[in-house]
Structures are given as C-alpha cells and as structure tokens.
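**Q** The structure is given below, and queries will be raised subsequently.
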Amino acid sequence: MSTDMSGLIKRAQKAKMLAQDPSLPKWRRLSQALQAFSGLELTALSDDLREQIEADFVGINRVLAPYSLDDHEDYQRIDDADLREMLDILDVAGARLIAAEVDQIVAELDGAKNRLPVQAIERAREHRDLMIPKLIEVLRETTTAARAGDKPKGNAHFLAVFLLTEFRAEEAFPAILEAFSLPGELPFDLFGDAVTSTLARILAQFAADRTEVLDGLIRNADLNEYVRWEAAQCFEHLVRDQRLTRAEAVERLRQHLCWAVAEKDEAVIGGLICVLVSFAPVEALADIEEAYRLGLVDESLVDLGTVNESIAAGDERVRKELAWCPATGIEDTIEELRHWASYAEKPSPRPAPAPRVPQPHFAAPRAPTEPMAVRAPSRDVRIGRNDRCPCGSGKKFKKCCGSRK
C-alpha cells in the first residue's frame, strides 16, 4: 500500500503506543505493533532513512527466525529477552519515522519564502503535540544565532511563533518572549511587521494572567521601543477581554508613565500616552500634562489636544477603541497570513515588449556580487524606521506614520 510521510507517522505513532502499552503483555504488544507496520512502503523516505528502517526490520526478522509463528497467539512462545529486544527495535524505528516527518515539516516551513506553506502548516496542525517541542527548539536556536550575529535564511522561526500561538502552547511562551526581547532591530529582522501587528495579541494570550511580564517589558529600556509599546498596547486587549477593568488598566499605565517620566525614558513615554488615550484617562491627566511640561513627549506621536479630546469623549471613546481592538491570539495561521504581501499570490507578469532597437551583446545585466538579504515576512513594502517618512513630513518614519502602525 502506497503511503506518504503523514501516513507513515500515524503508523509509527500507533506502533510506538502499542509497543509501550503497559496494560498489554509483551507478546501482544509486539504482535500488534508489527501489525501496525504491516504492508508499510518506504518509498516516501530518504535513502538513508529507508536503509535504517529496513535494517531495523532485518533485525526483527533475525530474532523471529528461530520461531515458528502461524498466528498472533504463537507470539506467546517467544522468549522474554527476545520480546524486549524487538520492542526496543520497534520503538527506535518509530522514533526515526516520527523525527523524519517533523523535520520535513520544519524544512518546508523554513523554505517557504514567497508563498504560504499551507500543506506544511496543515501537517503541523495534524501533529500538534509532536510539533510544539520542535517549533520551540527552532525558535530558541534562531534567537541564539541572531544574538550571535547570525540571521536566519528561512522563515521557520517566523511561522513557529504563529503556530505556537494558534496551538495555545503555554510552554512556548518563554521562547517567544526571549525572541522578541532581543536588543535593537533584531526583533524586526526576525519577525518583520509581526512586531507591530501581532505581538500585542500574542502577549495578551499568554500573559493575560501574568501582567508582571508586561510590566517588565514596558520598563526594560534595553528592548526595542516598539516591543515595549506593544506590551503597553496589550492592556487594551486585557480590558476588552475583561481580564482587567478600565480603571485597573489606566492605573497600571499611569504608574508606568510616572516611572518613565522620573527616569526620563522618552522612548516609551509617547507609547504609554497613546495607549492611555484609548481609555479617556481623566485620572492620569495631571501625570500626562507633567510629561508634556517637561518636554518628554514627541508631540508628532500624540499631542495634548488629542488627550483632552479623548477625555471629553469619555465612555464613548473607550467603547470605540475597544471595538477596534483586534482579536487576541491567533486563531488560524493560514488565514492570518494569507493576505500578507510576502505570501499573497502575485499576478503573472506581462511579457516584456521586444526592444525597438537591438541591444548590444555586452549590455546584459551583471551578476550581483553579493547575495540578496533575506527579510522577514511583511504586510507591505518595508520602510526602515530611521528612514525619512514617505508622507513628506520630513520626520523619521518611526516618529511619524510608523508610530501609528
């Protein structure tokens, strides 16, 4: 019977489960595990793996050779030592097949640069429990490499964050947090627009009952300012999701603002006020005004007039802001990323018109001398945050339209 890798892993999982089932006698465990592998074709495997699996079954046949087995009940006559040896061989063979499928899924996730690897994502979902530790491993390895100056060439780490969030894998949160806590521009190098479009939603899912994690991010001056802003933005999710009251969120944000003003931490002050504005923050107005009086707020981000307008609008402003707040977490990685510019299907380019004048033979384009840099997926054309804003204001992008993303 022909089978693909996904079919192999199902058989391998079933065989391992049977081989390790303590409720069954060893002879029955062996009989049923071998039956799970019955009729297995290995054509979907790499040459090396196929040779290893074939060698495993040669070993089982060697042990079985002295026994005359006409039906499954005859397995009761096999010596206990031989049973243990064959069960161990089956366990190793099953582990090899499972590891091969998991590695293949990761390779397909990693190699998808201009298309969304829908089939690989679906297979990852199918084997959720097996994929979670592997995706965490990918994320940790990428973070370690990035910290050492080695940026990844593929996108497995990027998709890992979305899948682990979709899987609601609590055990993955430390690895996710570590990756986004890399210094400087590294979070953007690894995750592109996901920093400003998705991080608050991820934090709201994993840190809903651990707001001290958000506090730590907001007050960590070593982090990228956008990561700190997204931690503050998370409070909107917590109020909308009824994890905190509006008053509790305003008070927490006000305390952070007072701390930032005392520390003259201008990188986070504007972001905190932007989030406070969502809550019509009359209770924090005096502290906000003090930040403006001291000249610690970049008024191109948010001016005092906007703060007062929010307070005047009151509860209606709060309701509108919470209605605009995007969903917490990631429900469907495929639907989430399908329309991102990096993954959206591109229309076929029109053929170039024939030149009116023949081109000289030496006019062919020169081959590039350096490989092109691999960028993290993005929703649209990436503009450096220190570049001049394309709106024509003359300001840096991060201090103008970039702050509103």
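**Q** For segment 173-192, name all the residues that are open to solvent by 10 Å² or more (accessible area, probe 1.4 Å) and within 24 Å of residue 343 (Cβ to Cβ).
**A** Within segment 173-192, 185, 186, 189 qualify.
**Q** Hey, among the residues in segment 233-253 that are within 24 Å of the chain's Cα centre (by Cα) and part of a helix (DSSP H, G or I), which one's farthest from residue 194 (Cα to Cα)?
**A** 240
**Q** Taking the stated definitions as given, is residue 124 under 13 Å from the mean Cα position of the chain (by Cα) and open to solvent by less than 10 Å² (accessible area, probe 1.4 Å)?
**A** So residue 124 fits the description; yes.
**Q** Do you know which of the residues in segment 5-60 that are hydroxyl-bearing (Ser, Thr, Tyr) and within 22 Å of residue 126 (Cα to Cα) is least open to solvent (accessible area, probe 1.4 Å)?
**A** It comes out as 6.
**Q** Can you tell me which residue among 103, 129, 74, 110 is closer than 18 Å to residue 27 by Cβ, out of contact with any Leu (no Cβ under 7 Å at 6 or more places or on another chain) and in a helix (DSSP H, G or I)?
**A** Values: 103 fails: closer than 18 Å to residue 27 by Cβ; 129 fails: closer than 18 Å to residue 27 by Cβ; 110 fails: closer than 18 Å to residue 27 by Cβ.
The conditions single out 74.
**Q** Would you please name the residue that is nearest to residue 327 (Cα to Cα), looking only at residues in segment 217-232 that are part of a helix (DSSP H, G or I) and touching a Ser or Thr at 6+ places or on another chain (Cβ under 9 Å)? If you could, list the steps in order and put the result at the bottom.
**A** Keep residues of segment 217-232 that are part of a helix (DSSP H, G or I), which gives 217-218, 225-232.
Checking which are touching a Ser or Thr at 6+ places or on another chain (Cβ under 9 Å) leaves us with 217, 226-227, 229-230.
On the way: 217: 21, 226: 19, 227: 18, 229: 18, 230: 14 Å.
Result: 230.
**Q** Just to be sure, is residue 318 under 23 Å from residue 262 (Cβ atoms) and surrounded by 18 or more Cβ atoms within 10 Å (Cβ to Cβ)?
**A** no
**Q** List the helices (runs of 4 or more DSSP H) that sit entirely inside segment 162-206 and contain at least 2 residues that are of a type in the set (Val, Ile, Thr).
**A** Of the helices (runs of 4 or more DSSP H) lying wholly inside segment 162-206, those with at least 2 residues that are of a type in the set (Val, Ile, Thr) span 194-197.
**Q** I'd like to verify a number: residues in segment 155-170 that are open to solvent by 30 Å² or more (accessible area, probe 1.4 Å) and in contact (Cβ under 8 Å) with a residue 40 or more places away in the chain, how many?
**A** Count: 2.
**Q** Any residue at all in segment 250-262 that is in contact with a His (Cβ under 7 Å, 6 or more places away or on another chain) and within 24 Å of residue 307 (Cβ to Cβ)?
**A** Checked segment 250-262: no residue is in contact with a His (Cβ under 7 Å, 6 or more places away or on another chain) and within 24 Å of residue 307 (Cβ to Cβ).
**Q** Can you pull out the residues in segment 81-103 that are open to solvent by 70 Å² or more (accessible area, probe 1.4 Å) and modelled with pLDDT of 90 or more?
**A** 84, 88, 103
**Q** So, one more: Could you identify the single residue in 331, 290, 225, 283 that is within 30 Å of residue 167 (Cα to Cα) and open to solvent by 50 Å² or more (accessible area, probe 1.4 Å)?
**A** Of 331, 290, 225, 283, the one residue that is within 30 Å of residue 167 (Cα to Cα) and open to solvent by 50 Å² or more (accessible area, probe 1.4 Å) is 331.
**Q** A further question on this structure: Checking the structure you have, find out if any residue of segment 234-242 is farther than 24 Å from residue 187 by Cα and without any contact (Cβ under 8 Å) to a residue 12 or more places away in the chain.
**A** Yes.
**Q** Could you tell me which residue of segment 197-207 is farthest from residue 154 (Cα to Cα), considering only residues that are open to solvent by 20 Å² or more (accessible area, probe 1.4 Å) and modelled with pLDDT of 95 or more?
**A** If we take residues in segment 197-207 being open to solvent by 20 Å² or more (accessible area, probe 1.4 Å) and modelled with pLDDT of 95 or more, then 205 is farthest from residue 154 (Cα to Cα).
**Q** So which residues in segment 42-71 are under 34 Å from the mean Cα position of the chain (by Cα) and charged (D, E, K, R), if there are any at all? First the steps, then the outcome.
**A** In the first step, residues of segment 42-71 are kept if they are under 34 Å from the mean Cα position of the chain (by Cα); the result is 42-50, 52-53.
Matches in segment 42-71: 47, 48, 50.
**Q** With open to solvent by 10 Å² or more (accessible area, probe 1.4 Å), modelled with pLDDT of 95 or more and under 21 Å from residue 330 (Cβ atoms) as the only criterion, which of 240, 210 stands out?
**A** Result of the check over 240, 210: 240.
**Q** What are the residues in segment 139-154 that are open to solvent by less than 20 Å² (accessible area, probe 1.4 Å) and out of contact with any Leu (no Cβ under 7 Å at 6 or more places or on another chain), if any?
**A** Selection gives 139, 154.
The values are calculated or read from the model by the stated rules, or taken from the named source; none is laboratory data. Remember, it's a predicted structure, so these values are computed and weren't measured experimentally. Don't worry about glycine lacking a Cβ; one is built from the backbone with ideal geometry, like all the others, and counts go over all protein chains shown. For the accessible areas, the whole protein counts, side chains as well, though only heavy atoms, and no ligand, DNA or RNA atoms are used. Shrake-Rupley method; radii C 1.70, N 1.55, O 1.52, S 1.80 Å.
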